[in-house]
1. Going through the range 10-42 one residue at a time, which ones are among the basic types (Lys, Arg) and not in a loop (DSSP other than H, G, I, E, B)?
2. Would you confirm whether any residue within the range 57-71 is small (Gly, Ala, Ser), buried (at least 20 other Cβ atoms within 10 Å of the Cβ) and either part of a helix (DSSP H, G or I) or within 23 Å of the chain's Cα centre (by Cα) (or both)?
3. State whether one or more residues within the range 6-19 are within 16 Å of ligand 2 (Cβ to nearest atom) and closer than 23 Å to THR128 by Cβ.
4. Exactly one condition in (1) under 19 Å from ASP134 (Cα atoms); (2) loosely packed, with under 14 Cβ neighbours inside 10 Å is not met by GLU303; state its number.
5. If GLY265 meets every condition in (1) within 15 Å of VAL327 (Cα to Cα); (2) without any contact (Cβ under 8 Å) to a residue 40 or more places away in the chain; (3) not hydrophobic (A, V, I, L, M, F, W, C) apart from one, which number is that one?
6. When the range 1-24 is examined, which residues are found to be crowded, with 18+ Cβ neighbours inside 10 Å and more than 19 Å from the chain's Cα centre (by Cα)?
7. Pick from LEU91, LEU97: which is touching a residue at least 12 places away in the same chain (Cβ under 8 Å), touching a strand residue (DSSP E or B) at 6+ places or on another chain (Cβ under 9 Å), over 19 Å from VAL183 (Cα atoms) and surrounded by fewer than 24 Cβ atoms within 10 Å (Cβ to Cβ)?
8. Counting only residues that are assigned to a loop (DSSP other than H, G, I, E, B) and not polar (S, T, N, Q), which one in the range 125-158 is farthest from ligand 1 (Cβ to nearest atom)?
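Nothing in this text is a laboratory measurement; each read-out follows from the coordinates by a stated rule. What you see is a predicted model, and the numbers here were worked out from it, not measured in a lab. Here the Cβ positions follow ideal geometry from the backbone for every residue, glycine too, while neighbour counts run over all protein chains shown.
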Amino acid sequence: MKVNLGVKSYEIKIARGLLADCGGLIKHVTSAHKVAVVSDDIVFPLYGEKVLLSLRQAGFQVQEIVIPHGETSKSMEMLNYLYGKLADFGLSRADLLVTLGGGVVGDLGGLAAATFLRGLDFVQIPTTLLAQVDSSVGGKVAIDLPQGKNLVGAFYQPKLVVIDPEVLATLEPRVLHDGLAEVIKYGCIKDEGIFSYLEQVADDSALLAGIEFIIEKSCGIKGEIVAQDEFDKGQRMLLNFGHTLGHGVEQAGAYTRFTHGEGVGLGMLAVTRATEQLGLTAAGTGTRIEKLLHKFNLPCQCEYTLPELLQGIMLDKKRHGDKITIVVLEGMGRGKLLEVSLSDLPKYFVL
Ligand SMILES: NC(=O)c1ccc[n+]([C@@H]2O[C@H](COP(=O)([O-])OP(=O)(O)OC[C@H]3O[C@@H](n4cnc5c(N)ncnc54)[C@H](O)[C@@H]3O)[C@@H](O)[C@H]2O)c1
Ligand SMILES: [Zn+2]
């Protein structure tokens, strides 16, 4: 499928077993001689050799750069480490960087690509469900600061995204469900069909059996929204459904108690419960969300109070003055933006 961004347009290739063919696919989008493959210390031992082999067979000179797994790697220190490795490998501006991993590797490696030598071409090979349906599409790349997540970054589109759904078989169930929360979000804001599909999926193995459909639908929805609003000034904000409170949940739990998807799930549910009571959302929508979250082991309640969760809102990138834009559902599959004053914000969440 294609993400339409004028001269920056690129393709997302989705198929089982694609990892073994990535070299040939990448050859079509670059004239590079050297390819640096950035990955983490869990993903590389699982899939690194397959990717390196395919790249070598396609004629590239390759070098892997393996970083420790986990969010703490999205740091200035690790970015600096990558710059050093890229320089040592002697990459020129015509060469290429490949990210092989989840959102952490994609965001960090993407920012390195955006900035090293004022910009190298890069290709994403996402290996978590979250990265396959969300972070690898849309061109946001970033690192964290001690003051907050994703505070330093860029909009920088890849040349290609290569998605092999088979790699999802080795994910921890909690990481799989984390990514699924974003799929549920797409269903809520744009596509009742994908929401109903998930309602009918029996369990994780049935989910994985039909995961191409889910990935394709999700990338389609995100790609379309991004194509209309690359720089996040309007409709792209729809993608923040559940995220305002979700960020609060992640923060309250010091980013260890709840995953991002778990926070987003709680956020989607809390806002929908509230807007249903306010008469803004079709009755029964919240219950559908709650049942689906529950089926995939995503929490439907947390131990924090609303004031605790809304504390961090002042740092929210979506805040403007004393107003903030939140996303609400008119009904399933129909998200819309709503500007509310910060003082009214607590009315829009029922825990
Ligand atoms: N750029 C964007 O638009 C965007 C959107 C959403 C999230 N993000 C970012 O994405 C990050 C989270 O990404 P994530 O959830 O993919 O986390 P992650 O990259 O930390 O991966 C989660 C864990 O799964 C492991 N893993 C990855 N692929 C695996 C596989 N196939 N088999 C077994 N283990 C595997 C990783 O080593 C890691 O331990 C956050 O930093 C978030 O800010 C970015
Ligand atoms: Zn998210």
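1. LYS13, LYS27, LYS34
2. No, there is no match, as no residue in the range 57-71 is small (Gly, Ala, Ser), buried (at least 20 other Cβ atoms within 10 Å of the Cβ) and either part of a helix (DSSP H, G or I) or within 23 Å of the chain's Cα centre (by Cα) (or both).
3. No; the residues of the range 6-19 include none that is within 16 Å of ligand 2 (Cβ to nearest atom) and closer than 23 Å to THR128 by Cβ.
4. Of the numbered conditions (1) under 19 Å from ASP134 (Cα atoms); (2) loosely packed, with under 14 Cβ neighbours inside 10 Å, the odd one out for GLU303 is (1).
5. Tallying (1) within 15 Å of VAL327 (Cα to Cα); (2) without any contact (Cβ under 8 Å) to a residue 40 or more places away in the chain; (3) not hydrophobic (A, V, I, L, M, F, W, C), GLY265 fails exactly one: (2).
6. LEU18, LEU19, CYS22, GLY23, listed by residue number.
7. Numbers: LEU97 fails: surrounded by fewer than 24 Cβ atoms within 10 Å (Cβ to Cβ).
Answer to the selection: LEU91.
8. PRO146
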